[in-house]
Amino acid sequence: MRDISSDPYRLAQHAIADLKAAVVWVLREGPPTGLRNADVGRSLGIYSGHVGHEGHISRTLLSMLENEGVVQQDRESKLWRLSGLNEPGGDD
């Protein structure tokens, strides 16, 4: 069983929270139509990865935020943007 008060666990959770906040910041400052995963990842310096797996870090963070209802992806354009509930005046 994991000790949630352990320093490594807290450090990891804090790091994930900081990364997600950075993604939200980039999307908020980006165009209203949204950004590609590659755009988000490169702007944060986290797009690189293991050969053949570039973009997995930013994509994982976007998926986590999507599951939390914070971001959404247009399935046709593949652009990510903040969900309507997180934009001033948004209600979708």
- How many residues does the stretch 45-86 contain that are of a type in the set (A, V, I, L, M) and either in contact (Cβ under 8 Å) with a residue 60 or more places away in the chain or outside any helix (DSSP H, G or I) (or both)? 6
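For the stretch 47-61, which residues satisfy the criterion of being among the hydrophobic types (A, V, I, L, M, F, W, C) and out of contact with any helix residue (DSSP H, G or I) (no Cβ under 6 Å at 6 or more places or on another chain)?
Scanning the stretch 47-61 gives Val51, Ile57.
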- Query: What is the one condition in (1) at pLDDT 95 or above; (2) acidic (Asp, Glu); (3) in a loop (DSSP other than H, G, I, E, B) that Asp18 does not satisfy?
  - Reply: (3)
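The values are calculated or read from the model by the stated rules, or taken from the named source; none is laboratory data. The structure displayed is predicted, hence computed values, not measured ones. Here Cβ is always computed from backbone atoms with ideal geometry, including for glycine, and neighbour counts include all displayed protein chains.
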